[in-house]
Amino acid sequence: MRILKFLRGHLLDTLRGKLLLISLIVMAVPIATGGYLLEQEGRRTLLREKQEKLFGLARILDANLGAGFDVLLAGETPPAPAALARLNAALAPFTDTVANANPGVGVGYYSRALNAIVTYGPSRQYGHTVGTAIPADHPGWKVLATGESAVETGPQVRGLIMNAMLPIVRDGSVIGYIWANELSDDIDRQAAAMDRAVIGVSLAGIVLGLVLTQLMSARLSRDVERITNGLSRLRSDLRQTIRPPRGEIGEIAVAVNAMAKALLDARSLTENIVNSIADGVIAIDVRGRVTSINPAAQRIVGVAAADIVGRPYQSLFRPDANFSSLLLDTLETGREHIGVGIDFPLPGQVLHVTVSSSLLRDSRGDTIGAVVVLKDQTEQHRLKTQIMRADRLAALGELMAGVAHEIRNPLTAIRGFMQLLETCDDIREWQEYGPLIIRQVDSLNRIITELLEFGRTRPPVVRPVQLNDLIAEVTRLAGRRSTVEVVLEPAPDLPVVEADADALKQVVLNLVINATQAMPESGTIRIATAAEGDRHAVITVADDGVGIAPEDLEKVFDPFFSTKASGTGLGLAMAHRIVDAHHGTITMASVPGAGTTVTLRLPFVHNTAVPS
């Protein structure tokens, strides 16, 4: 464990240590492997050389033997001891000469006919073995039996040796064999010397490699340390630079300096943009404290950066205002707000601003705060209020002009009838013009009733409404001519909407009646529903009637505008107000002579204040 802690603390945790460890592995493994392979190949080569040398000596002895043992005995067949003595006397000088010329080597002849060792040189060491037979398990018997050369290593007559045995073949018969052997200890000493040389060279290569690696890693460590220290300085000041060392590490330093300069330029550009834009920007940390505020935001909220940075964002507002900040809501819930108009209750005033807020995240995606962009709409709100007031006055004037026009016509007719009847004593004329006067009074009453309905609001009765059912009910209530076909195309599984069912019935009924009246003879009305994503329900009412002229299309929702001779022009205006109260939209498209399509879009969830 201590060794592992030492390695981890001094080698594995430092660049130099890792380089040394990698170098040791990279060099030691190939060098050790190469040394091992070299040693094995050297040992095999040594053994082959020994074998070739011993067989060479055996061949020299074979050549010296000439025609064979019988020739040396001159064709005689003396007793075995005498024959052995004569052969030894003839051959021993030569075997001793060969043995003495090759120290450590033993050579000799073995006769198959005599079943005995004829010579064994050097004679002074092994002469006592002459005349002895080889044991039954001696590998020489295999050579005599097969007539093939053999090399055996192990304990034999001389001891632990490498023994090369060459058969003596004369006239196609094996008459004996010649051996040349060398003690295994001598071979092992030569192999050990070769092993020591290989190990020494390998260790020298490893040490030299480690020394060179140490020198190079020391320089590399210094260069890396220089870059590391430079990066630490850049963390606090991007204007610092790293002095580039030589080589590839220097190129890294140059790249880091360029990156720091680019980052500094980008930061400066971002700061300039934030400080120059007309919209206010305020950033807070995860605790809700202000970390940054640009000059525009300082002007909007009327506070200096030195007075608010580091303080809670909520301290900008009046304590008694009970203000729910969208920025803090974004920080707590992660929900973004885009272009939301709200009132800012500042200590000295209330500002009308448009707010967009989002989370701030670091490079790992962790939340580090939130940011809000403020657009001061106070002046625009004041101007908008004035414009709306002027528009209301203009609309009121136009409405009064329409009311006056609609009332003047019946009053003019009534006045004319009354002037006529004022000097008339004939009861029949009174009976003729009386109903006409009553119809004109009823027309005035209808106009006033619709005008009151148009201008009066009633508490809404909001409840879940299934539009498909509502439209089916309206088409039954509307009634229709036999020449007009109503086609319903309800969307399956249409979600319900929260709405005032009676008000929506009034809208759809008015559209169906208008569509029916737009087809003097015959035609088709198509009423379809659909879901537009998960936000809106859509109702379309289309007919193939006479259509509306382009110049009249943009005025169809104006009060008292009507293309029908008997229309008051309040039906579509009322429909527009009802749909608008449901936070929906109503649009109309028409092609003269081809028909008209009215499209209603109603949100699935909304707050409703429905006019009656």
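Each residue of the range 293-301 in order: what ³J(HN,Hα) in whole Hz does its phi give by Karplus 6.51 cos²θ - 1.76 cosθ + 1.60, θ = phi - 60°, with x for Gly and Pro?
Taking θ as phi minus 60°, the curve returns 8, 7, x, 4, 5, 4, 5, 5, 8 Hz for the range 293-301.
Going 7 Å from the Cα of THR483 toward and past its Cβ, which residues in the range 514-546 have a backbone nitrogen under 16 Å from where you end up?
Zone members listed by number: 515-525, 544-546.
Could you derive backbone 3J(HN,Hα) for the range 172-179 from the dihedral phi with the Karplus parameters 6.51, -1.76 and 1.60 (θ = phi - 60°), listing whole Hz in sequence and x where the residue is Gly or Pro?
x, 10, 8, 9, x, 8, 10, 10
For VAL224 and ALA204 in one chain, what is 0.36 nm times their gap in residues minus the Cα-Cα distance, to one decimal in nm? Write down the numbers at each step before the final one.
Values: separation 20, 0.36 × 20 = 7.20 nm, distance 2.96 nm.
Separation in residues times 0.36 nm, less the Cα-Cα distance, equals 4.2 nm.
Cβ under 10 Å from GLY310's Cβ, GLY310 left aside: what net charge do those residues give with Lys, Arg +1 and Asp, Glu -1? Don't skip to the answer; put the middle values down first.
Working: positive: ARG289, ARG311; negative: ASP285, ASP307.
Cβ neighbours under 10 Å give a net charge of 0.
Could you sort 570-582, 78-90 so that the peptide with the highest average Cβ count within 10 Å comes first and the rest follow in order? Please list the in-between numbers first.
Values: 570-582: 21.6, 78-90: 15.5.
Order by mean packing, descending: 570-582, 78-90.
What is the set of long-range amide H partners of VAL486 at a cut-off below 5 Å, with H atoms built 1.01 Å from backbone N?
ILE525
Report the FRET efficiency, 1/(1 + (r/R0)^6), for ARG44 and THR97, where r is their Cβ-Cβ distance and R0 is 25 Å, rounded to 0.05. Write down the numbers at each step before the final one.
Values: r = 31 Å, r/R0 = 1.23.
After rounding to 0.05, the efficiency reads 0.20.
What order, most packed first, do the peptides 54-65, 301-312 have when packing is the mean number of other Cβ atoms within 10 Å of each residue? Provide the component values of the computation, followed by the final result.
Values: 54-65: 18.7, 301-312: 14.1.
Those peptides, ordered most packed to least, come out 54-65, 301-312.
On a full-extension model of 0.36 nm per residue, what is the gain between ALA321 and LYS142, subtracting their alpha-carbon distance, rounded to one decimal in nm? Write down the numbers at each step before the final one.
Values: separation 179, 0.36 × 179 = 64.44 nm, distance 11.80 nm.
My answer for the length gained is 52.6 nm.
Amide H neighbours of ALA499 under 5 Å, at least 5 residues apart or on other chains, H built in the peptide plane: list them.
ARG463, VAL465
Going down the table (LYS505/LYS555; LYS384/LYS505; LYS384/LYS555), which pairs top 26 Å between alpha carbons?
Details: LYS505/LYS555 23 Å; LYS384/LYS505 34 Å; LYS384/LYS555 23 Å.
The answer is LYS384/LYS505.
Spin-label point model (7 Å from Cα, Cβ direction): what's the ALA472 to LEU183 distance in nm?
Result for the modelled spin labels: 12.0 nm.
Which distance in nm do the two modelled labels at ALA530 and ASP580 give, with both placed 7 Å along the Cα-to-Cβ direction?
If labels sit at ALA530 and ASP580, their model points lie 2.6 nm apart.
Just so you know, all these numbers are worked out from the coordinates, no wet-lab data involved. Note that this is a predicted model, so its numbers are computed, not measured. Every residue, glycine among them, receives a Cβ derived from its backbone with ideal geometry; neighbour counts consider all protein chains shown.
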